[in-house]
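The values are calculated or read from the model by the stated rules, or taken from the named source; none is laboratory data. In this text, all values refer to a predicted model and were calculated from it rather than measured experimentally. Cβ atoms come from the backbone with ideal geometry, glycine included; neighbour counts cover every protein chain shown. When the accessible area is computed, the model is the full protein with side chains, heavy atoms only, and any ligands, DNA or RNA have been set aside. Shrake-Rupley method; radii C 1.70, N 1.55, O 1.52, S 1.80 Å.
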Amino acid sequence: MSTEEKSLNFIEQIIEEDLKNGLPNDKLRFRFPPEPNGYLHVGHASAICLNFGLGLDYNAPVNLRFDDTNPSKEEQEYVDAIKRDVAWLGYQWDKECYASDYFQQLYDWAVELIKKGKAYVDNQSSEEMAKQKGTPTQPGTNSPNRDRSVEENLDLFTRMKNGEFPNGSYILRAKIDMASPNMLMRDPIIYRIMHEHHHRTGNDWCIYPMYDWAHGESDYLEQISHSFCTLEFLPHRELYDWFLDQIYDSSKVRPKQREFARRNLSHTVVSKRKLLQLVEEKHVTGWDDPRMSTISGMRRRGYTPAAIRNFAHTIGIAKRTNLIDVSLLEFCVREDLNKIAPRVMAVLDPVKLVITNYPEGKEEWLEAENNPEEEVLTFREVPFSRELYIEREDFQEEAHKKFFRLTLGTEVRLKNAYIIKGESVVKDENGKITEIHCTYDVDSKSGSGTEASKRKVKGTIHWVSIQHAKEAEVRVYDRLFTHEMPDGNKEVDFKEYINPNSLQVIKGYVEPSLTSAKELDHFQFQRLGYFCVDRDSTAEKLVFNKTVGLRDTWAKVSEQ
């Protein structure tokens, strides 16, 4: 990578400095280490783009390693979803690894720690250990079990492994320094007893390594050169290095942990525990609900991999945590879809329009442009007939001068079709308009080349032919939370901020070309926003999700 082509972020500066100091380029190796206890979310997307992006920039391999050390919360479903999400974002991993691949080696190293007098088995209660741990300003006190003999520790640890003790009765602790100013260095737990079925190792193990023990040692076994974590792991770095000191062979690459700040997204939560709560309490339909901040949810909503990658690149990497407005993500989605989404016509709040001077029974197929952003323009044909649906808000009986849509006595162009003039309305017994009657200028067809077709009218509206329209279920999504930091106040349950209007399901009508659309196909419904085909869609029942509007309207909505 040429450092002259762009300014380097602090992560890239660390790598460049290591290369300058003698680390061979072919020893660079990165990793993305998710825990398979839930679906990945937008925060993980940034970490994925960072690590795999570095792999691409430096032509270095990147491992996908699952931190599967807590079988009580982990499932194969989550493993499969994580692999699917990483691949969908456009990245390929070099090796698929699991912390469980190293359970035997991690155990053997723990035995070595015991033999060196650097680890011991403790059977205090969690309450006793918490008291003995001290405070940030007061040193801890030694466990009464800290000076067990090596032989007794080896015996107890072996029996822990053999399943002789119940959950919580014994743990293995590193013997470091109970007076350390870093609380994490005060004899941290290395192993705990968990009689749980593991999704990969079955019932082979009933003791499982803690994250801090498994993480750095797994990095070392895989010869990861740089282990990038979020900022909350900064206090863990000292422990990461201490554990490496116990096993490091100077002939091998020593992993280096460095931290970057989380980029929190407004109007979302990204805690897996809270996301799981939303799913289990049925505030959403599942992990892939389009309102969720999960990658699966964003994919189903219609966000594109390119948009998410561009968003991650735009917000960049920082040393300080800050809040990113979700409208920036929506802008990136809108920008990408504008380039790739075909323009089609759909009506979501229909009112019937009758062109009284158009011959009954006649139909035409009119040429319509697919996407003006295409390098080589393509076209499709849309059917036109005497009776159409238009949006109810596109008509007013009487309107102010700046209303450039259809009114009685004024003209408007039907997109890709003719100029029409409002003549009269039909209302029901409650005064609601049920039909709009108009006339059309037969010589005003779009692109006909006649003088009449070049007449200028101030408004253009979209439509669908009633005779040819296809009914569709349209799911209009809004932000799941009304507060920009729904979990920012510990005294208020984040669910108090759930937006009651985050989903509206309406019946709409779309042009017939959409009957052949496939899951996740993207479209711009002209003048309405960007939509995609939902996985629930069938030939008999079309279902579309609203991805994002044509412009950011949330600020105005919030003010109202």
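Being in a loop (DSSP other than H, G, I, E, B) and closer than 23 Å to residue 488 by Cβ narrows it down to one residue among 270, 253; which is it? Show your work before the answer.
Working: 253 fails: closer than 23 Å to residue 488 by Cβ.
Matching residue, one of 270, 253: 270.
Taking the conditions exactly as written (small (Gly, Ala, Ser), assigned to a loop (DSSP other than H, G, I, E, B), touching a helix residue (DSSP H, G or I) at 6+ places or on another chain (Cβ under 9 Å) and under 20 Å from residue 246 (Cβ atoms)), does residue 168 satisfy them or not?
Details: small (Gly, Ala, Ser): yes; assigned to a loop (DSSP other than H, G, I, E, B): yes; touching a helix residue (DSSP H, G or I) at 6+ places or on another chain (Cβ under 9 Å): yes; under 20 Å from residue 246 (Cβ atoms): no.
The answer is no for residue 168.
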- Query: On the given criteria, is residue 206 buried (at least 16 other Cβ atoms within 10 Å of the Cβ) and either without any contact (Cβ under 8 Å) to a residue 12 or more places away in the chain or touching a His at 6+ places or on another chain (Cβ under 6 Å) (or both)?
  - Reply: yes
- Note on the structure: Among strands (runs of 3 or more DSSP E) entirely within region 353-395, at least 2 residues that are among the acidic types (Asp, Glu) and exposed (fewer than 15 other Cβ atoms within 10 Å of the Cβ) occur in 363-369
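Just to be sure, is residue 195 farther than 27 Å from residue 11 by Cβ and touching a Cys at 6+ places or on another chain (Cβ under 6 Å)?
Working: farther than 27 Å from residue 11 by Cβ: yes; touching a Cys at 6+ places or on another chain (Cβ under 6 Å): yes.
Considered against the rule, which asks whether it is farther than 27 Å from residue 11 by Cβ and touching a Cys at 6+ places or on another chain (Cβ under 6 Å), residue 195 comes out as yes.
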- Note on the structure: The residue that is farthest from residue 356 (Cα to Cα), considering only those in region 412-447 that are open to solvent by 70 Å² or more (accessible area, probe 1.4 Å) and under 45 Å from the mean Cα position of the chain (by Cα), is 447
- Message: I'd like to check something: does region 251-259 contain any residue that is within 20 Å of residue 17 (Cα to Cα), open to solvent by less than 10 Å² (accessible area, probe 1.4 Å) and either at pLDDT 95 or above or within 29 Å of the chain's Cα centre (by Cα) (or both)?
- Response: yes
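For region 194-203, give me each residue that is under 13 Å from residue 170 (Cα atoms) and open to solvent by less than 50 Å² (accessible area, probe 1.4 Å).
Let us first name the residues in region 194-203 that are under 13 Å from residue 170 (Cα atoms), namely 194-195.
Selection gives 194 alone.
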- Message: Out of everything in region 472-494 that is open to solvent by 40 Å² or more (accessible area, probe 1.4 Å) and not acidic (Asp, Glu), what residue ends up being nearest to residue 387 (Cα to Cα)?
- Response: 482
- Message: Being among the aliphatic types (A, V, I, L, M) and open to solvent by less than 10 Å² (accessible area, probe 1.4 Å) narrows it down to one residue among 324, 317, 340, 295; which is it?
- Response: 295
- Tabulated pairs, region 295-314, first within 9 Å of residue 45 (Cβ to Cβ), second of a type in the set (D, E, K, R) and modelled with pLDDT of 95 or more, C-beta under 8 angstrom, 6+ apart or interchain: 295/85
- Evaluation of residue 90 against (1) surrounded by fewer than 17 Cβ atoms within 10 Å (Cβ to Cβ); (2) in a helix (DSSP H, G or I) (one fails), failing number: (2)
- Scanning region 148-170 residue by residue, those in contact with a Lys or Arg (Cβ under 9 Å, 6 or more places away or on another chain) and either among the small types (Gly, Ala, Ser) or open to solvent by 20 Å² or more (accessible area, probe 1.4 Å) (or both) turn out to be 150, 154, 165, 167, 168, 170
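Across region 222-246, which residue is farthest from the chain's Cα centre (by Cα) among those that are touching a residue at least 40 places away in the same chain (Cβ under 8 Å), surrounded by fewer than 17 Cβ atoms within 10 Å (Cβ to Cβ) and in a helix (DSSP H, G or I)?
Initial filter on region 222-246 (touching a residue at least 40 places away in the same chain (Cβ under 8 Å)): 222-228, 230-231, 235-236, 238-239, 242-243, 246.
After this cut, where a residue has to be surrounded by fewer than 17 Cβ atoms within 10 Å (Cβ to Cβ) as well, the list is 223, 230-231, 235, 238, 246.
Filter again for in a helix (DSSP H, G or I), leaving 231, 235, 238, 246.
Values: 231: 20, 235: 27, 238: 31, 246: 38 Å.
The qualifying residue farthest from the chain's Cα centre (by Cα) is 246.
Going by the conditions given, is residue 304 open to solvent by 20 Å² or more (accessible area, probe 1.4 Å), within 17 Å of the chain's Cα centre (by Cα) and of a type in the set (Val, Ile, Thr)?
Judged against the criteria, residue 304 is not a match.
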- Item | Selection status of residue 518, among the charged types (D, E, K, R), under 23 Å from the mean Cα position of the chain (by Cα) and modelled with pLDDT of 95 or more | yes
- Task: Report yes if residue 104 is under 37 Å from the mean Cα position of the chain (by Cα), surrounded by fewer than 15 Cβ atoms within 10 Å (Cβ to Cβ) and under 30 Å from residue 305 (Cα atoms), otherwise no.
- Result: no
- Looking at (1) touching a Ser or Thr at 6+ places or on another chain (Cβ under 8 Å); (2) under 15 Å from residue 89 (Cα atoms), find the lone condition where residue 45 falls short. (1)
- Residues being outside any loop (DSSP other than H, G, I, E, B), touching a residue at least 12 places away in the same chain (Cβ under 8 Å) and surrounded by fewer than 19 Cβ atoms within 10 Å (Cβ to Cβ): count how many of those fall in region 62-78. 1
